[in-house]
Amino acid sequence: MEKFQSRIRFNPSTGEIEIEGSEEFVNSYFSKVLTLFEEAAAAEEEEEEKRPAPEKRRRGRARRERPAREGEPVIRSEAVQRVISLIQESPDGVTTKSLVEMTGLAERQVRTIVYRAEKRGLIKKARRGLYRPA
């Protein structure tokens, strides 16, 4: 009688299962292996459901606040308040150039602050480069 070798191979990287042997061996172990994989998949799904949902990642650069050094512009929230208050205190209006001189911020920063404040209705644009309280 010839001795026939039976074996079951599993390749974890591809997920392939190979069962070799007599027809009786293949039939009996195929259902057992299939049951094992179904149970493992169900257990994995249960673990997945139990895990808390991952936190959503913020897009863009993370902003960190640190104390301003001497000669540096003020941090953003203070800068916004400062520019808006300067405009609101001036009934005749303030120019972008004078805001740059009074705050020490870059012109681009002042323009951005003014643009956003105007969109929110905090200030009004009298004419190009001149802003008044709302």
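Values quoted throughout were computed directly from the atomic coordinates according to the rules given, and no laboratory measurement underlies them. This one's a predicted model, so the numbers in the text were calculated from it and none came from an experiment. Note that each Cβ is placed from the backbone with ideal geometry, even for glycine, and that neighbours are counted across all protein chains shown.
With Cα atoms defining each centre, the stretch 81-131 and the stretch 36-56 are spaced 54 Å apart in the structure. Taken one residue at a time, the phi angles of the stretch 107-117 give Karplus couplings (6.51, -1.76, 1.60, θ = phi - 60°) of 4, 5, 5, 4, 4, 5, 4, 5, 4, 5, 5 Hz. Gly and Pro are set to x. Applying D = kT/(6 pi eta Rh) to the stretch 7-50, where Rh is the Kirkwood radius over alpha-carbon pairs, T corresponds to 25 °C and eta to 0.890 mPa s, the Stokes-Einstein value obtained is 210 µm²/s. Per-residue Cβ neighbour counts within 10 Å put Lys56, Lys125 in the sequence Lys56, Lys125, beginning with the fewest.
Seen from every direction in turn and averaged, the convex hull around the alpha carbons of the stretch 76-133 projects onto 3.3 nm².
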